[in-house]
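One structure is given below, encoded as structure tokens.
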Amino acid sequence: QVQLVESGGGSVQAGGSLRLSCAASGIIFSLYTMAWYRQAPGKQRELVALINRDGSTNYLDSVKGRFTISRDNAKNTLYLLMNSLKPEDTAVYFCNAKHDFVPSTMHWGQGTQVTVSS
């Protein structure tokens, strides 16, 4: 059974930090491109950060220099370190896994709420 379970969300003041985690099970983690998406109320879901199997990364322009995505293949876990948080970062953050060789194989976590107050 495939599961992606996010944790680490919460409420912080602007300028604060949070670290999100995504624990994966039921997949061969090292074969997947991993990513974090977020969705604010009334807004479309957007890609926040992505990490490929080789460790290369991509970031949404508005989070560059503030967020860091990483993965630990030995622990089947994805991370997102968020520093210098802003109110506009408020959203539900979702973990995503896409199989590099079977792209139609994609999995989502249940989401974790991040709220940043001013």
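Once C-alpha pairs closer than 8 Å and six or more residues apart are averaged by separation and normalised to the residue number of the chain, the relative contact order reads 35 percent. Translational diffusion of the chain, estimated by Stokes-Einstein from the Kirkwood radius over alpha carbon pairs at 20 °C in a medium of 1.002 mPa s, is 151 µm² per second. Distances between placed amide hydrogens fall under 5 Å for Ala49 paired with Trp36, Leu60, all partners being 5 or more residues away or on another chain.
Give me the 1.4 Å probe accessible area per residue for the range 19-78, excluding ligands and nucleic acids, in Å².
Result: 53 Å² of accessible area for each residue.
Along the range 36-46 the Karplus relation, 6.51 cos²θ - 1.76 cosθ + 1.60 evaluated at θ = phi - 60°, assigns HN-Hα couplings of 10, 10, 9, 9, 8, x, x, 10, 6, 5, 10 Hz to successive residues, with x for each Gly and Pro. Express the carbon and sulfur contribution to the solvent-accessible surface of the chain as a percent, rounded to the nearest whole number, probe 1.4 angstrom. Result for the chain: 49 percent of the exposed heavy-atom area is carbon or sulfur.
Note on Ser117: accessible area approximately 50 square angstrom, rounded to 10, probe 1.4 Å, nucleic acids and ligands left out. Close amide-amide hydrogen proximity is noted between Thr90 and Val116, each under 5 Å apart and 5 or more residues distant or on a separate chain (H modeled in the peptide plane; Pro and chain starts excluded). Counting only lysines at least 8 places from Lys98 when in the same chain, those with an alpha carbon closer than 24 Å to its own are Lys43, Lys64, Lys75.
Counting only DSSP beta bridges with both residues in the chain, what percent are antiparallel, rounded to the nearest 5? Of all bridge pairs located within the chain, approximately 90 percent are antiparallel. In sequence order, the range 78-86 has phi-based couplings of 10, 10, 9, 8, 10, 10, 6, 5, 10 Hz under the Karplus curve 6.51 cos²θ - 1.76 cosθ + 1.60, θ = phi - 60°, and Gly or Pro positions carry x.
Compute the Cα gyration tensor for the range 22-76, then decide on rounded, prolate or oblate, letting a ≥ b ≥ c be the square roots of its eigenvalues: rounded whenever a/c is under 1.5, prolate when a/b is larger than b/c in the other cases, and oblate in all that remain. Taking the square roots of the gyration eigenvalues as a ≥ b ≥ c, the range 22-76 is oblate.
The values are calculated or read from the model by the stated rules, or taken from the named source; none is laboratory data. The structure displayed is predicted, hence computed values, not measured ones. Just so you know, the surface numbers come from the protein's heavy atoms only, side chains and all, with ligands and any DNA or RNA stripped out. Shrake-Rupley method; radii C 1.70, N 1.55, O 1.52, S 1.80 Å.
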